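Chemist: The structure's right below; bear with me while I get my questions together.
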Amino acid sequence: MTKAFRSVRSFQEIADHVALETAQLNDGFSAAFTETVERFRIDRAEDVTDSDMPDALEVQLATEMLVRTVFDVLRDTRLETIADRIAWGIVHSFHKVADQLDGDADKAARKIKELVRDADGSEVMMGELEEAQTLCQSLDEARDAVACMRDHAAATFHAETGRPWSSPRASLVSSKRTASVVAATDFLAARRQRKIDAHAPKGPIVIFSGGQQWEDHRQITDTLDATRARIPNMVLVTTAQDKGCDAIAAAWAAKTGTPLVAFSLAGMGGGKRAGFSRNERMVALRPVEAVVCEGSGLQSHLARLVRAKGIPAHFFRAADQRRAA
């Protein structure tokens with residue numbers, strides 16, 4: 001069979017073609033862009049479709065190009081210094097859409113619960129229930145795809161700037177949900193459990209905490225790489241800071257596909273003891289290892305708790321950072 005060739009009009013097209021041919025599909029994209037429901041619809045006003053998902057590799061390349069192109073076209077110009085702000089906004093747009101889809105899916109799940117509660121066995125009711133499940137599953141599928149794009153865009157932002165992208169609120173969780181739905185009650189139970197698992201994954205726990213000012217991100221990522229090599233199914237638990245050490249650790253977790261639990265102060269009560277209570281609860285999780293970087297009194301307190309429990313740990317002082325040349 002003769003192989004078909006396509007003509008190109010510029011060196012950039014040749015580069016793009018080579019990139020497409022040599023690119024490797026990220027496992028996350030392969031999972032996130034797999035159809036999980038035959039009849040797809042994310043809005044009640046839309047018609048149901050059985051169209052395929054977009055090609056996973058093409059979406060991965062397009063997502064990366066979207067972020068990188070901003071830096072490329074503004075480099076060595078007077079607008080170069082704001083390229084990171086524009087790129088941050090691109091990543092945030094993916095995050096915003098994923099968050100909206102997640103909220104819509106939760107509303108659809110509540111509708112299913114209402115229909116199950118009022119089910120009378122009629123054909124009309126069963127039809128409504130089936131439609132509600134289709135909507136909820138479709139929204140879950142769409143949300144996972146957009147969240148995967150967001151995570152890849154965030155990784156590209158990190159590669160370009162050397163700084164991790166962090167969301168203004170909420171956590172970054174991407175996970176492909178199962179497609180099989182036998183009954184509405186089973187569907188709701190499975191969906192609820194998936195949400196629990198996504199935010200509280202199972203595995204050996206490694207706790208992490210550090211200050212909000214930290215320059216040597218390689219020191220942290222090298223340590224986490226070594227830890228993950230020893231404990232491949234580890235779950236990383238951080239103190240949920242949106243900058244500094246915790247942000248570096250969160251970016252590492254997203255890049256390596258390591259489950260991350262951001263242990264916020266919510267539920268710790270008010271007052272000055274909230275942070276110390278969080279430290280105590282983190283240690284109570286029975287972590288197998290700890291990484292603590294110098295910061296405030298909270299990190300010093302956590303280091304003392306870790307030592308007292310005999311937890312294997314890595315402690316880093318701010319003065320030990322390897323300064324960039």
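The values are calculated or read from the model by the stated rules, or taken from the named source; none is laboratory data. What you see is a predicted model, and the numbers here were worked out from it, not measured in a lab. Glycine also receives a Cβ, built like all others from the backbone with ideal geometry; neighbour counts cover every protein chain displayed.
Chemist: With in contact with a helix residue (DSSP H, G or I) (Cβ under 6 Å, 6 or more places away or on another chain) and at pLDDT below 85 as the only criterion, which of Leu305, Leu224, Leu260 stands out? Spell out how you get there, then give the answer.
Modeler: Working: Leu305 fails: at pLDDT below 85; Leu224 fails: at pLDDT below 85.
Result: Leu260 is the single residue among Leu305, Leu224, Leu260 that is in contact with a helix residue (DSSP H, G or I) (Cβ under 6 Å, 6 or more places away or on another chain) and at pLDDT below 85.
Chemist: In this structure, does Thr223 turn out to be without any contact (Cβ under 8 Å) to a residue 40 or more places away in the chain, among the hydroxyl-bearing types (Ser, Thr, Tyr) and closer than 28 Å to Asn26 by Cβ? Even if it seems obvious, please write down each step before you answer.
Modeler: Details: without any contact (Cβ under 8 Å) to a residue 40 or more places away in the chain: no; among the hydroxyl-bearing types (Ser, Thr, Tyr): yes; closer than 28 Å to Asn26 by Cβ: yes.
Answer is no for this residue.
Chemist: Restricting attention to the range 244-251, does a residue exist that is surrounded by 13 or more Cβ atoms within 10 Å (Cβ to Cβ), over 16 Å from Thr221 (Cβ atoms) and in the same structural domain as Arg218 (by TED's automatic domain parsing)? Spell out the reasoning first.
Modeler: Here is the first cut: in the range 244-251, the ones surrounded by 13 or more Cβ atoms within 10 Å (Cβ to Cβ) are 244-251.
Next, from what is left, pick out any that are over 16 Å from Thr221 (Cβ atoms): none.
No, that holds for no residue.
Chemist: Could you grab the pairs with beta carbons closer than 6 Å, sequence gap of 6+ or different chains, first residue in the range 304-317 and loosely packed, with under 13 Cβ neighbours inside 10 Å, second one of a type in the set (D, E, K, R)?
Modeler: Cβ pairs passing all conditions: Pro312/Glu289; Arg317/Glu294.
Chemist: Please determine whether any residue of the range 287-296 is free of Cβ contacts under 8 Å to residues at least 40 places away in the same chain, in a loop (DSSP other than H, G, I, E, B) and surrounded by fewer than 17 Cβ atoms within 10 Å (Cβ to Cβ).
Modeler: Of the range 287-296, the ones free of Cβ contacts under 8 Å to residues at least 40 places away in the same chain are none.
Among the residues of the range 287-296, not one is free of Cβ contacts under 8 Å to residues at least 40 places away in the same chain, in a loop (DSSP other than H, G, I, E, B) and surrounded by fewer than 17 Cβ atoms within 10 Å (Cβ to Cβ), which makes the answer no.
Chemist: Search the range 272-299 for residues being among the polar types (S, T, N, Q) and touching a strand residue (DSSP E or B) at 6+ places or on another chain (Cβ under 9 Å), and hand back the single one that is farthest from Ala226 (Cα to Cα).
Modeler: Residues of the range 272-299 that are among the polar types (S, T, N, Q), as a first pass: 277, 279, 296, 299.
Add one more test, that the residue is touching a strand residue (DSSP E or B) at 6+ places or on another chain (Cβ under 9 Å), and what stays is 279, 299.
Working: Asn279: 24, Gln299: 22 Å.
Among those residues, the one meeting the criterion is Asn279.
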